[in-house]
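Trainee: Handing you this structure, nothing more for now.
The values are calculated or read from the model by the stated rules, or taken from the named source; none is laboratory data. Everything numeric here is computed off the predicted structure, so don't read it as measured data. Neighbour counts are summed over all protein chains in view; Cβ atoms, including those assigned to glycine, are modelled from backbone coordinates with ideal geometry. Side chains are part of the model used for accessible areas, which takes the heavy atoms of the whole protein and leaves out ligands, DNA and RNA. Shrake-Rupley method; radii C 1.70, N 1.55, O 1.52, S 1.80 Å.
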Amino acid sequence: MRHRIAVVGSGPAGLTFARVLHRHGYPVAVLERDPAPDARPPGGTLDLREGLGQLALDKAGLLAEFQALSRPEGQAMRILDVDGTVLRDWRPRPDEQANPEIDRGQLRDLLLGPLDVRWGQSVTQVVPGTRDGALVHFADGRQEAFDLVVGADGAWSRIRPAVSSVTPHYTGVTSVEASLDDIDTRHPDLARLVGDGSVAVYGVNRALVAQRNSGGHVKVYVQFRAPLDWHANLDLADAEAARSSLLALFDGWAAPVLDLLRRSTAFVHRPLYVLPVSHTWAHVFGVTLLGDAAHLMPPLGAGANLAMLEGAELAESIATGPGDLDEIVRAFEERMWARAGRWAKITTAGLDRLVSPDPSEALALFDQVQPS
């Protein structure tokens, strides 16, 4: 008899988990609080790495479709000094497939495919160890029991409290996201500045990064060290006020760089939170976590990749591996903790170098990761 399995959250982790189970003919309930796939903006672009996100898609039978959608040219990276001098200008080879980019919305739609997601299902908590299994509580008062509940519901997971009392903490680095639309037509000078991939500028305790998405859309990310309440007297919904405040932080930087802010719209505050580097928990029968719910780390290209691979590995083990479901989950958690701990150390150190009192640290990090 098949186990009753639910995954909470329809992000990359939850959908990859469900899609791999679906490929093996294994039923799974995907519970998502959003009322529809497009209820919220999907976010920016992701680089999916060989051996991580791409391996997960291969396990889901979707690698060829991903390759058709992805943008290998999006791996390009240009780094400027604050005066506009080009310090690095790396461009991938035509056959470079190590970290091609894909828009989050495209990845979501690719993973959704034939899955039957239960939209508008807001989970408030899960109570493990009941007579019928792990009991999922919904916001509308309903309850439903499962043999395994997988929390893939992100940084502020409603499932995490069932296994861990730990909550995310602020890194001291905040981020403000803005947008440029139709950049090739409306802002051709900025399109040339950004290129096919990303452009980054690093100053003292602050950084400005612009990253190309598909369809002429560019995301602009402002990162700086500040108290969590730095914007207490600022209405970020007031685009002019937000723009002026951010421009003041970058006073003296080259005009073309500041134009990325001057012409941007839709400013969104995204302070960077993390879980402890070595976050683990005492195993709980019937409940586990994936991705940011398990190991929230700085957004330096590892999180979604790890989350997808974890989802794929757990699903594959359940669908094809012999043995007790609980033992499968225990073994998975041990593997996940070890790998995520290594990446959490790498990304935490990386954030310290990218938003640093010494901007040369960011350049040195780039040279380590992507030698010229």
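Trainee: How high is the FRET efficiency between Thr185 and His137 when r is their beta carbon distance and R₀ equals 51 Å, given to the nearest 0.05?
Mentor: With a Förster radius of 51 Å, E is 0.55.
Trainee: Any idea of the accessible area per residue across region 221-278, 1.4 Å probe, to the nearest Å²?
Mentor: Ligands and nucleic acids excluded, the figure is 50 Å² per residue.
Trainee: May I pose another question? Once Lys and Arg get +1 and Asp and Glu get -1 on their Cβ, which of Leu290, Gly350, Tyr273 lies farthest toward the positive end of the dipole of region 227-353?
Mentor: Checked the options; the winner is Gly350.
Trainee: Accessible area of the chain with a 1.4 Å probe: how many percent of it is carbon plus sulfur? Walk me through the intermediate numbers first.
Mentor: On the way: 8240 of 16140 Å².
That fraction is 51 percent.
Trainee: Moving on. Starting from the Cα gyration tensor of region 133-179, multiply each eigenvalue by 5, take the square root, and state the resulting semi-axes largest first in whole Å.
Mentor: Over the Cα atoms of region 133-179, the ellipsoid semi-axes are 30, 14, 9 Å.
Trainee: Something else: Taking the Cα centre as origin and putting +1 on Lys and Arg beta-carbons and -1 on Asp and Glu beta-carbons, what dipole magnitude results for region 212-354, to the nearest 20 debye? Provide the component values of the computation, followed by the final result.
Mentor: On the way: 13 positive and 16 negative charges, 131 e Å.
So the dipole magnitude of region 212-354 works out to roughly 620 debye.
Trainee: Excluding ligands, DNA and RNA, what is the solvent-accessible area per residue of region 294-369 at a probe of 1.4 Å, expressed in Å²? Don't skip to the answer; put the middle values down first.
Mentor: Details: 3010 Å² over 76 residues.
Spelled out: the 1.4 Å probe surface of region 294-369, per residue, equals 40 Å².
Trainee: To the nearest 20 debye, what charge dipole does region 177-268 have about its Cα centre, counting +1 at the Cβ of each Lys and Arg and -1 at the Cβ of each Asp and Glu?
Mentor: In total the dipole reaches around 240 debye.
Trainee: Right, here's the next one. Under a 10 Å cutoff between Cα atoms, tell me which one of Val194, Val284, Val30 has the largest fluctuation in the Gaussian network model of the chain.
Mentor: Residue with maximal mean-square fluctuation among Val194, Val284, Val30: Val284.
Trainee: Further question on the same structure: Using mean Cβ contacts within 10 Å as the protection proxy, how do 236-246, 264-274, 85-95, 209-219 order, highest first?
Mentor: The densest-packed peptide leads the list: 209-219, 264-274, 236-246, 85-95.
Trainee: So, in nm, how far is label Ala239 from label Thr124 when the simple model puts each one 7 Å beyond its Cα toward the Cβ?
Mentor: 3.9
Trainee: On to the next question. Does region 19-164 come out rounded, prolate or oblate, given a ≥ b ≥ c as the square roots of the eigenvalues of its C-alpha gyration tensor, rounded meaning a/c under 1.5 and, failing that, prolate meaning a/b above b/c?
Mentor: Verdict is prolate for region 19-164.
Trainee: Show me the three semi-axes of the equivalent ellipsoid for region 138-286, from the C-alpha gyration tensor (sqrt of 5 times each eigenvalue), largest first, rounded to whole Å.
Mentor: 37, 19, 15
Trainee: Do you know the relative contact order of the chain, to the nearest whole percent, from alpha carbon pairs under 8 angstrom that are 6+ apart? Mind dumping the intermediate values first?
Mentor: Values: 755 pairs, mean separation 83.4, N = 372.
Here the relative contact order equals 22 percent.
Trainee: Among Leu110, Ala98, Gly129, which residue has its Cα positioned farthest towards the positive end of the charge dipole of region 95-140, with +1 placed on the Cβ of Lys and Arg, -1 on the Cβ of Asp and Glu, and the dipole taken about the Cα centre?
Mentor: Of Leu110, Ala98, Gly129, it is Gly129.
Trainee: Using a Förster distance of 35 angstrom, determine the FRET efficiency expected from the C-beta separation of Arg270 and Gln67, and round it to 0.05.
Mentor: For R0 = 35 Å, the calculated efficiency reads 0.75.
Trainee: Where in the chain are the helices, taken as whole DSSP H runs, whose Cα atoms extend 15 angstrom or more along the long axis and whose Kyte-Doolittle mean reaches at least -0.5?
Mentor: Numbers: long enough: 12-23 (16 Å, 0.27); 239-249 (16 Å, 0.82); 303-320 (25 Å, 0.58); 325-354 (42 Å, -0.32).
Those that pass (Cα extent of 15 Å or more, hydropathy at least -0.5) are 12-23, 239-249, 303-320, 325-354.
Trainee: About its Cα centre, what dipole magnitude does the chain give when the only charges are +1 on Lys and Arg Cβ and -1 on Asp and Glu Cβ, stated in debye to the nearest 20?
Mentor: Computed charge dipole of the chain: roughly 360 debye.
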